[in-house]
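Presented below is the structure to which this report refers.
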Amino acid sequence: MIIHNKTVIIAGLAVAVTIASVTATSAGTHREYVNLKVLPKDVSSKTLQHIMIDEFEDGLGVGCGFCHAEQKGSHKLDYVSDAKPEKQIARNMMRMTLKLNARYFQVRRPGLGDPGLAVTCSTCHQGKPRPGE
């Protein structure tokens, strides 16, 4: 009888852990971003952070507010807004970088933030907001 009770308890705990892990995995680990024009719609948080921090912040020496406008009446950034022209310029630069890597360096299916890219933001910007400054 003691062995049967232990088996039931262990089986019950295993089911509870499995249900909890499946629920945690499917409940919001993927965030959907709005107004992405160049980046994939299903970009992961980790990849997006890598691109924004390692590529843009480090490559251009700027913060988020360089491209992203502030919300009206607040100092919080409005990541969806296209109010700042720098955001469209950044999109054009992303497209240019991807085309250069595909056309001249034969990178198959280049993606922003990929380690195999020959041309990145830093190639020209070298830590400055405008190349050649």
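Annotation note: Cβ proximity below 9 Å between a residue of region 108-131 that is over 12 Å from M93 (Cα atoms) and a residue that is among the charged types (D, E, K, R) (sequence gap 6+ or interchain) occurs for P110/K99; G113/D54; G113/E55; G127/D58; P129/E86. Inside region 85-115, residues that are part of a helix (DSSP H, G or I) and β-branched (V, I, T) make up a count of 2. The single condition among (1) closer than 18 Å to Q126 by Cα; (2) touching an Asp or Glu at 6+ places or on another chain (Cβ under 8 Å); (3) surrounded by fewer than 15 Cβ atoms within 10 Å (Cβ to Cβ) that C67 does not satisfy is (3). Determine if region 71-80 includes at least one residue that is touching a Pro at 6+ places or on another chain (Cβ under 9 Å) and either at pLDDT 95 or above or not basic (K, R) (or both). No, the conditions are met nowhere in region 71-80. Here G73 fulfils each of the conditions (1) more than 16 Å from K37 (Cα to Cα); (2) free of Cβ contacts under 8 Å to residues at least 60 places away in the same chain; (3) assigned to a helix (DSSP H, G or I) apart from (3). Scanning region 52-79 for residues that are more than 25 Å from A118 (Cβ to Cβ) and in contact with a His (Cβ under 8 Å, 6 or more places away or on another chain) yields a total of 3.
A quick yes/no check of all residues on (1) closer than 11 Å to C67 by Cα; (2) surrounded by 13 or more Cβ atoms within 10 Å (Cβ to Cβ); (3) not assigned by TED's automatic domain parsing to the domain that holds D54; (4) not aliphatic (A, V, I, L, M):
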residue	(1), (2), (3), (4)
L77	yes, yes, no, no
K84	yes, yes, no, yes
I89	yes, no, no, no
M93	no, yes, no, no
T97	no, yes, no, yes
V107	no, yes, no, no
P110	no, yes, no, yes
G113	no, yes, no, yes
L117	no, yes, no, no
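Under 17 Å from H50 (Cβ atoms), more than 18 Å from the chain's Cα centre (by Cα) and at pLDDT 95 or above - does that describe any residue in region 84-98? No, every residue in region 84-98 fails to be under 17 Å from H50 (Cβ atoms), more than 18 Å from the chain's Cα centre (by Cα) and at pLDDT 95 or above. Only one residue in D54, D82 is at negative phi, touching a residue at least 40 places away in the same chain (Cβ under 8 Å) and part of a loop (DSSP other than H, G, I, E, B). Which one? Matching residue, one of D54, D82: D82.
The values are calculated or read from the model by the stated rules, or taken from the named source; none is laboratory data. Note that the structure is a prediction, hence the values are computed from the model and not measured. Here the Cβ is made from the backbone with ideal geometry for all residues, glycine too, and neighbour counts use every protein chain on show.
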